[in-house]
Amino acid sequence: MKTIRGLIPLFRLHKWGFPTIVLLGLLMSLTEGVGIGLFIPLLNGLVAGAPQAAEGQWIVETMNGLFQAVPPDRRFAIILTCVFVAVLVTALLGSIHSMLFAWLDGNIAHDLRSRIFEQLMTVSFAFVERDRSGRLLNILASDTWRTSEALRILVNLMITVSTVFVYVVLLLLMSWKVTLFVAAAMLTISYIVRRLSRAVRGLGEKFTEFNSELTYRMVEGIDGMRVIRAFGREDHEQGRFDRASDRLRRLLLRMSFLDGTVQPIHQILGTLLLLVILLVAAPTTGDVSVILVFAFVLYRIQPRIKELDASRVRLAALAHSVEEVLWFLDTSDKQYVSSGPVTRLALDRGIDFNRVTFQYNPSDDAALLDASFTIAANRTTAFVGPSGGGKSTIIKLILRFHDPTGGTITVDGRTLPEFDLHFWRSQIALVSQDVYLFNATVRENIAYGRLDASLEEIIESARKADAHDFIERLPDKYDTVLGHHGTRLSGGQQQRLSLARAIIRNPRILILDEATNALDSISEHWIQEALEKMRENRTVIMIAHRLSTIERADEIIVVEKGQIPERGNLAELVQAGGLFARLYGLQQRPSLLRKV
């Protein structure tokens, strides 16, 4: 019931579809019930000298009374025609129901996947960072389909319940005593199946866990391919993948065994019940037609009861996937980055950090602690310092991947949350040392910076990023598909495409996070010259470990343990003799030794 209560709100995606399908299912059940009821006068017409209905058999009297006005010589043909019409109407309703259900099922599954992906795109970056990619991928790729299957099972369950209700009413009208006996027997069979469903639910929870682990192994196997092969860990990774896959195999086998026991149990116990009914009812009922129709209805109801129990077992197995999807779609326990109304920006003064503190988790040390500084507009500001000092956190806060846990960030006097989120990010281009290229063409990867860019603009951006020459040597040039993560390119080539993507965006704010880290000295010099031209009338923010790349920065801010111990230009910081001077000295020694 918990799973069903969770699924019901999903039908609001198409408010009219669910009631229409249930109504069609109910009409199908009624027409099928009428068709079966017509067999009573049909059989009475076939049996010569059929006795009158016993007292209290209202259904027999009513069905026989429908055709009393029909001449005896035509009665049999009329009843046959009515039976055929009832079957025809039932089949027609079934066909309409199947087509409508297929349409609704496809649309709900699509809407569900779309909502989950939208949630992934809008939920705070902190949530995505905290969760393993394997779990999120499993929700999107596997649990979504399993939830769609659960919705399909629930709709069939509703229709089956309607059909069983019609059959039960028909049985009660024919013999309420025998029907009560049948109900008691059915409840006993159903109880046995419910015991099985409890075990299947536990296995369903494990399925989600094991499938998520297998997905995670796949993701790591692809993303970490270079490290795996460099360290010769192919056998180690193969072993981890095989163990995860085998755990899932054995679990699916157990689920199949449990699910497979439902049908034999129903078949054996149902057949036994039918034989007992015929044995007990035959001597006490004079109307052969009632006995035969009762047995026929009981025979028809058996697979529906079996379907009810099997659906309950399958829903139990899918319950954890449904819970995972509903948890992910629930917005009450997740954080979102707010978007403000401001969509205009002069960027005359710059970006001010006012006593900003940030913690990734409440239990962690602060990544930034009471940090105050200004990133001047239309100037180049560089951040340097030891790894883990807080430089990348500053970039994430500027991009609004996170909001500060203390203090404020203002742009020209306005707090950052006042700006429309899409507008604010449209003013920024990021070139990171962790280059990400899509499995698309070179042209599409560069144009990702500005989707409406022309081919001429794309080529010009590639020239500025020193990428045009190697692109021309690719098999299909700008139409070459790069593959997953751009694996067809070297690290330096990937970084040049990333630079071209930023150049074509023509941003107000350019963020360079170790942007030339994977380049050789010649390419670095070329691109530094291109970046030098881009700095005109542009706010540039740089993070660099190679201090030679920031010598032309207007201001250098040193970040250490989340704080700002030093700031100034290159000459001032070297003369101050602090942390920056020590780092600069360490990097200068190898070059001095090479000169000697």
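Assorted remarks:
- Total residues in the range 358-405, condition more than 18 Å from Thr539 (Cα to Cα), in a helix (DSSP H, G or I) and among the hydrophobic types (A, V, I, L, M, F, W, C): 0
- Number of the condition not met by Leu430 [criteria: (1) assigned by TED's automatic domain parsing to the domain that holds Ala371; (2) crowded, with 16+ Cβ neighbours inside 10 Å]: (1)
- Scoring Thr393 on the criteria (1) surrounded by 19 or more Cβ atoms within 10 Å (Cβ to Cβ); (2) of a type in the set (Ser, Thr, Tyr); (3) under 27 Å from Glu529 (Cβ atoms) leaves a single failure, condition (3).
- Figure legend. Inter-residue proximity from the range 88-108: first residues more than 23 Å from Lys15 (Cβ to Cβ), second residues modelled with pLDDT of 80 or more and of a type in the set (Val, Ile, Thr), beta-carbon distance below 7 Å, spacing 6+ or different chains. Indicated pairs: Val89/Thr31; Thr90/Thr31.
- With respect to being surrounded by 17 or more Cβ atoms within 10 Å (Cβ to Cβ), modelled with pLDDT of 90 or more and assigned by TED's automatic domain parsing to the domain that holds Asn354, Ile471 falls outside the description.
- Count of the range 95-129 residues, restricted to those that are under 30 Å from Ser392 (Cβ atoms) and either of a type in the set (Gly, Ala, Ser) or touching a Pro at 6+ places or on another chain (Cβ under 9 Å) (or both), is 2.
- Considering each residue of the range 510-523 in turn, none proves to be in a helix (DSSP H, G or I) and modelled with pLDDT of 80 or more.
- Residue match in the range 323-346 (condition: under 17 Å from Ile511 (Cβ atoms) and of a type in the set (Gly, Ala, Ser)): no
- Among the residues of the range 572-584, just one is assigned to a helix (DSSP H, G or I) and more than 18 Å from Ala553 (Cα to Cα), namely Arg582.
- For first residues located in the range 232-254 and free of Cβ contacts under 8 Å to residues at least 60 places away in the same chain, partners that are among the polar types (S, T, N, Q) and part of a helix (DSSP H, G or I) and lie 6+ apart or on another chain with Cβ distances below 8 Å form the pairs Leu248/Asn211.
- Selection count, the range 450-466, where residues are part of a loop (DSSP other than H, G, I, E, B) and surrounded by fewer than 21 Cβ atoms within 10 Å (Cβ to Cβ): 5
- Residues within the range 301-341 that are crowded, with 19+ Cβ neighbours inside 10 Å, within 14 Å of the chain's Cα centre (by Cα) and among the aliphatic types (A, V, I, L, M), tallied: 2
- Residue that is nearest to the chain's Cα centre (by Cα), among those in the range 232-276 that are at pLDDT 70 or above and outside any helix (DSSP H, G or I): Arg233
The values are calculated or read from the model by the stated rules, or taken from the named source; none is laboratory data. Because the structure is a prediction, the values reported are computed rather than measured. Heads up, the Cβs are rebuilt from the backbone with ideal geometry, glycines too, and the neighbour counts pull from every protein chain shown.
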